[in-house]
1. From (1) farther than 30 Å from residue 164 by Cα; (2) exposed (fewer than 10 other Cβ atoms within 10 Å of the Cβ); (3) not small (Gly, Ala, Ser), pick out the condition that doesn't hold for residue 85.
2. Looking at the range 1-24 only, could you name the residues that are of a type outside the set (A, V, I, L, M, F, W, C), in a loop (DSSP other than H, G, I, E, B) and open to solvent by 80 Å² or more (accessible area, probe 1.4 Å)?
3. If you go through the range 69-87 one residue at a time, how many are assigned to a loop (DSSP other than H, G, I, E, B) and at pLDDT 85 or above?
4. Mind listing whichever residues of the range 25-68 are assigned to a loop (DSSP other than H, G, I, E, B), open to solvent by less than 100 Å² (accessible area, probe 1.4 Å), hydroxyl-bearing (Ser, Thr, Tyr) and out of contact with any Ser or Thr (no Cβ under 7 Å at 6 or more places or on another chain)?
5. Looking for whichever is of a type outside the set (Asp, Glu) and under 23 Å from residue 136 (Cβ atoms) here; the options are 55, 100. Which one fits?
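The values are calculated or read from the model by the stated rules, or taken from the named source; none is laboratory data. Every value quoted in this text rests on a predicted model; they were computed, and no experiment measured them. All Cβ positions, glycine included, derive from the backbone under ideal geometry; neighbour counts span all protein chains shown. Accessible surface areas use protein heavy atoms only, side chains included; no ligands, DNA or RNA. Shrake-Rupley method; radii C 1.70, N 1.55, O 1.52, S 1.80 Å.
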Amino acid sequence: MSLFLWIGAGSNYTSATLKTVWGTDTTSNRATGQVNLASSVNNYFEVTGVQLEPNSVCTPFQYRLYGEELALCQRYFYKINGTGQYEPVASAGVNQAATNHWRTQASLPVPMRKALTTADMTHVLLAAYDGAGIVIVTAGAIVGHAIGSTMLSIDWSSGGSLTTGRPVVVLTNPYGSASYFQVSAEL
């Protein structure tokens, strides 16, 4: 048995009459009656309730709540997107070392599946705010390892100066559509 889900097909596959009974396979009626997903940029395709089994024995369908499934996924990947507003990424009690370099702590929603490294962190167009002004974050690297199981210690650098001794928060930049912070513990 084969199951084909046609989400777009040319006239070579849609020019015949839709079959309503079992019969031989004909190329011209393979996708007759299908809605062409590619006909508009606003079309979409949704699938739910499908479970693949690795063997010939079917098991009961595993239903998970959205929050449970999200938490399981966030063990591997977590991303804070810019949403047109300042979204907090990390914060620190005091501005350290130099006015353009500081260390923050970032909270993660669930424990990651492994200790993260510098290569597991990515950021684009972040901003730092110290209560007096905002500067663009130009670099960041994870320092050491996770503090506990859901906290990161991160060193940051900025292209501008912050005030020594003030608390600092790292934020997504609402003026950049590609503003985000992410960590990955993919396999």
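1. With (1) farther than 30 Å from residue 164 by Cα; (2) exposed (fewer than 10 other Cβ atoms within 10 Å of the Cβ); (3) not small (Gly, Ala, Ser) applied to residue 85, the lone miss is (1).
2. 2, 15, 17, 19, 20, 24
3. 2
4. Answer for the range 25-68, where residues must be assigned to a loop (DSSP other than H, G, I, E, B), open to solvent by less than 100 Å² (accessible area, probe 1.4 Å), hydroxyl-bearing (Ser, Thr, Tyr) and out of contact with any Ser or Thr (no Cβ under 7 Å at 6 or more places or on another chain): 26, 40, 59.
5. Unique residue meeting the criteria: 100.
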